[in-house]
Every structure is written in C-alpha cells, then in structure tokens.
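Trainee: Okay, here's the structure, questions in a sec.
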Amino acid sequence: MTSEESMTAHGHNHGPQHGHEHGHEHEHEDKALKVRVVYNGVTERVAFEFSQTLGVLREHAIQAFGNVPQPHLLSLFTTAGVEFGPNRDQETIAEAGIKKNEELLLRPGVVRGG
C-alpha cells in the first residue's frame, strides 16, 4: 500500500487543511511540558507549567514515585548539583530556569542547621 492509498484508506479528511499540521500540534506540544525525575535509579516523567512553583513540582515528583519514605526531607537537584529545596518552594519553575525535558534528581536535601 502506498502512502497515498494509506491516506485515503485511513481517513482522507486529515490532510494539512485539517489543522493538525499547523498550530494545533505545536500548541499541544507546548502544553506537554515534562521533566525527567530520577529517584533511586527510577525515572518518571513529571508534567509541569512554567508558572507553577518549585514546591508544586517537588510534590508532583514525590507523588509520581508513590509511597516515598520521609518525603518532607526530599529536594530536587539539577544534574549540576543545584538544590531546589523547601527554602525555594515559592520560586516559579520559570524563575528557577528549569527547562522542558530537563533531568532532575529527587533525593534527600542538604541538612541545614535551624
């Protein structure tokens, strides 16, 4: 079956004029912002919005791994070792400079004296 035959056989309405090739697809792509979070050697993809805070991202990351022991002690780290801990929870993801598809590590935060 040629690609032309395939197009007619599988819904001839879905040509470029349908809108999937322009704008719509790109819009959808932008909404599907995700980071890769690694915890204990397991990687989960966590969706986010640039306007969300780091606290929300950390919560979503912890939830993605289910029942995590002592979640309140965990921080997100960049692969360069920058920590996004509770002290940065109010900062937005955009302000923190986190990029789409970035890899972050979920592990116990650096202990600070109180």
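Trainee: Residue pairs, Cβ under 6 Å, 6 or more apart or interchain, first in segment 97-110 and at pLDDT below 95 and surrounded by 10 or more Cβ atoms within 10 Å (Cβ to Cβ), second assigned to a loop (DSSP other than H, G, I, E, B) and small (Gly, Ala, Ser). List them.
Mentor: That search, which allows pairs on different chains as well, returns GLY109/GLY85.
Trainee: So the check is Cβ under 6 Å with 6+ separation or different chains; which pairs have a first residue in segment 52-72 that's of a type in the set (S, T, N, Q) and surrounded by 15 or more Cβ atoms within 10 Å (Cβ to Cβ) and a second one that's in a helix (DSSP H, G or I) and modelled with pLDDT of 95 or more?
Mentor: Correct list of pairs: GLN52/ILE93.
Trainee: Inside segment 83-96, can you point out the residues that are among the aliphatic types (A, V, I, L, M), more than 12 Å from the chain's Cα centre (by Cα) and surrounded by 14 or more Cβ atoms within 10 Å (Cβ to Cβ)?
Mentor: Across segment 83-96, the qualifying residue is only ALA96.
Trainee: Hey, among the residues in segment 37-61 that are aliphatic (A, V, I, L, M) and either at pLDDT below 95 or out of contact with any helix residue (DSSP H, G or I) (no Cβ under 8 Å at 6 or more places or on another chain) (or both), which one's farthest from PHE84 (Cα to Cα)?
Mentor: Restricting to residues being aliphatic (A, V, I, L, M) and either at pLDDT below 95 or out of contact with any helix residue (DSSP H, G or I) (no Cβ under 8 Å at 6 or more places or on another chain) (or both), the top hit is VAL42.
Trainee: For segment 48-92, name all the residues that are within 14 Å of VAL110 (Cβ to Cβ) and hydrophobic (A, V, I, L, M, F, W, C).
Mentor: Within segment 48-92, LEU73, LEU74, LEU76, PHE77, VAL82, PHE84 meet the criteria.
Trainee: PRO16 passes all but one of (1) modelled with pLDDT of 95 or more; (2) more than 30 Å from VAL111 (Cβ to Cβ); which number fails?
Mentor: It is condition (1) that PRO16 fails.
Trainee: Tell me, which residue of segment 62-96 that is touching a Gly at 6+ places or on another chain (Cβ under 8 Å) and among the small types (Gly, Ala, Ser) is modelled with the highest pLDDT?
Mentor: SER75
Trainee: Now, a different point. Condition first: closer than 16 Å to ARG58 by Cβ, touching a Lys or Arg at 6+ places or on another chain (Cβ under 8 Å) and outside any strand (DSSP E or B). Now tell me which residues in segment 88-114 satisfy that.
Mentor: The answer is ASP89, ALA96, GLU102.
The values are calculated or read from the model by the stated rules, or taken from the named source; none is laboratory data. Because the structure is a prediction, the values reported are computed rather than measured. No Cβ is skipped: glycine too gets one built from the backbone with ideal geometry, and neighbour counts run over all protein chains shown.
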